[in-house]
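The values are calculated or read from the model by the stated rules, or taken from the named source; none is laboratory data. Computed from a predicted structure; not experimentally measured. Cβ sites come from the backbone with ideal geometry, for glycine too, and all protein chains shown count toward neighbours.
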Amino acid sequence: MRDRKTTIIFLIVVTVIVSAMLFLNIYVSRIPENPSGTTGNTAGNLNNNGLYCEDEGIVYFANPYDNGALYSMNVDETDMKKIADVEVQYLNAAGKFIYYYQASSSARSGLGAVRSMSGVYRATKTGSKMTCFNSDPSGVVSLVGNFVYYQHYDTKNGMTLYKQNIDRTGETEIAKQVINPASSQNGIIYFNGVEEDHNLYALNTADDSITLVLEYSLWNPVIQGDYVYFMDVSNQYRLCRYQLSSGQMEVLTEERIDYFNVTDAMIYYQVSSPTSPALKRMNLDGSGSELVDEGIFEQINITSSYVYYNEFDNPVPVYKTPVNGPVSVTTFDAAQNAVLLNQK
């Protein structure tokens, strides 16, 4: 009888311990929900390949001096660290995690690179616990609330829009069309049509319904407050903005542009010209246009401290200028120096 009681007590204790361990494991490994209205990166950065992303005072970036490997630094470029030896694009950050597209790692060395595959990933901000959401080719990746939206490609359907919960559950095809999910605000994704028209549409992430916002041929919309900034397809890709509340349209520059990015106070834009191409900046209303740098540039990414960019089809050197204050173009030497230090 005593042996039986002992056995029962032992089984109860084991059951309690196992249950507690299972509960603890689930609690520790669960992905906390993001606050309402969370966006992983700015639309302007994501439209420029999402090579820089700032969250809670830390900048996560693809270091071109190290084949696009994932690095972090303070906004003033101090305390630079290599997070992962994988080539990254379309960086998003919120909470404890980074979400991104990882390019092919076939050219990389090291055990981690050998195991890594291209696709949409989530990792902690220290670069640990990399989790693959989808290993198919993808385009723009955008964190909106508690979902990761991404352009998914396969040979059967071409480029379509997918989403997954941040805990990697509920993979769903949202639309069988090309949708750029870069520009979002308050749970609404603003995008231009691609296949049948270039009108402005809104995708409500609460139910993934799509509505028409504006019948106008535009490209790469960027939502900021009450305004949508965009390239005017019908008028040589000049830069315009549209006010959602009033329906008013404003032309910000008649110059043809290739790329642009928007801060809280200014617009940085690349002028397309056969004779005088240049990176310029102006106020949000189109006033105060001034030259930043002469030449053909791309990948205009912005943090709270600097605007980063490079010559077209030449990822290095990276140039930068302070976001605010007088233009002062220098090179991003800290990123190159960090690679040299790691090689010693």
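Couple of notes before you dig in:
- Condition check for Gln336: under 23 Å from Ile257 (Cβ atoms) and of a type outside the set (Ser, Thr, Tyr): no
- Residue within the range 323-338 that is under 20 Å from the mean Cα position of the chain (by Cα) and assigned to a strand (DSSP E or B) present: no
- Qualifying positions in the range 59-91 - among the small types (Gly, Ala, Ser), within 18 Å of Gly119 (Cα to Cα) and in a strand (DSSP E or B): Ala62, Ala69, Ala84
- Any hit, the range 309-321, residues being in a loop (DSSP other than H, G, I, E, B) and among the aliphatic types (A, V, I, L, M): yes
- The sole residue among Ile179, Ile189 that is crowded, with 19+ Cβ neighbours inside 10 Å, outside any strand (DSSP E or B) and of a type in the set (A, V, I, L, M) is Ile179.
- Ala335 being of a type in the set (Gly, Ala, Ser) and buried (at least 17 other Cβ atoms within 10 Å of the Cβ): yes
Residue-by-condition table, conditions (1) farther than 29 Å from Val262 by Cβ; (2) modelled with pLDDT of 60 or more; (3) not polar (S, T, N, Q):
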residue: Val16; (1), (2), (3): yes, no, yes
residue: Thr39; (1), (2), (3): no, yes, no
residue: Tyr52; (1), (2), (3): no, yes, yes
residue: Ile58; (1), (2), (3): no, yes, yes
residue: Asn74; (1), (2), (3): no, yes, no
residue: Asp79; (1), (2), (3): no, yes, yes
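- Residue identified as exposed (fewer than 15 other Cβ atoms within 10 Å of the Cβ), at pLDDT 95 or above, of a type in the set (A, V, I, L, M, F, W, C) and more than 21 Å from Lys96 (Cα to Cα) among Leu161, Leu212: Leu212
- Taken together, the residues in the range 285-308 that are surrounded by 13 or more Cβ atoms within 10 Å (Cβ to Cβ), free of Cβ contacts under 8 Å to residues at least 60 places away in the same chain, assigned to a loop (DSSP other than H, G, I, E, B) and at negative phi amount to 2.
- Top-ranked residue of the range 128-160 - restricted to ones that are under 25 Å from Gln185 (Cβ atoms) and of a type in the set (Gly, Ala, Ser), ranked as nearest to the chain's Cα centre (by Cα): Ser142
- Test: Asp258 is surrounded by 13 or more Cβ atoms within 10 Å (Cβ to Cβ), closer than 20 Å to Tyr162 by Cα, in contact with a strand residue (DSSP E or B) (Cβ under 6 Å, 6 or more places away or on another chain) and not polar (S, T, N, Q): no
- Boolean, Asn342 is more than 27 Å from Val194 (Cα to Cα), assigned to a helix (DSSP H, G or I), touching a residue at least 12 places away in the same chain (Cβ under 8 Å) and polar (S, T, N, Q): yes
- For Tyr162, the test of being part of a strand (DSSP E or B) and touching a Pro at 6+ places or on another chain (Cβ under 6 Å) is failed.
- The listed residues are Met159, Met231, and the only one of them that is over 25 Å from Ile31 (Cβ atoms) and touching a Cys at 6+ places or on another chain (Cβ under 9 Å) turns out to be Met231.
- The C-beta contact set for the range 241-260 (first residue more than 26 Å from Leu291 (Cβ to Cβ) and without any contact (Cβ under 8 Å) to a residue 40 or more places away in the chain, second residue among the basic types (Lys, Arg) and surrounded by 12 or more Cβ atoms within 10 Å (Cβ to Cβ), distance under 8 angstrom, 6+ apart or interchain) comprises Met249/Arg241.
- Total residues in the range 56-67 satisfying the condition of being of a type outside the set (A, V, I, L, M, F, W, C) and free of Cβ contacts under 8 Å to residues at least 60 places away in the same chain: the figure is 3.
- Among (1) closer than 23 Å to Val178 by Cβ; (2) not in a loop (DSSP other than H, G, I, E, B) - the single one Asp197 does not satisfy: (2)
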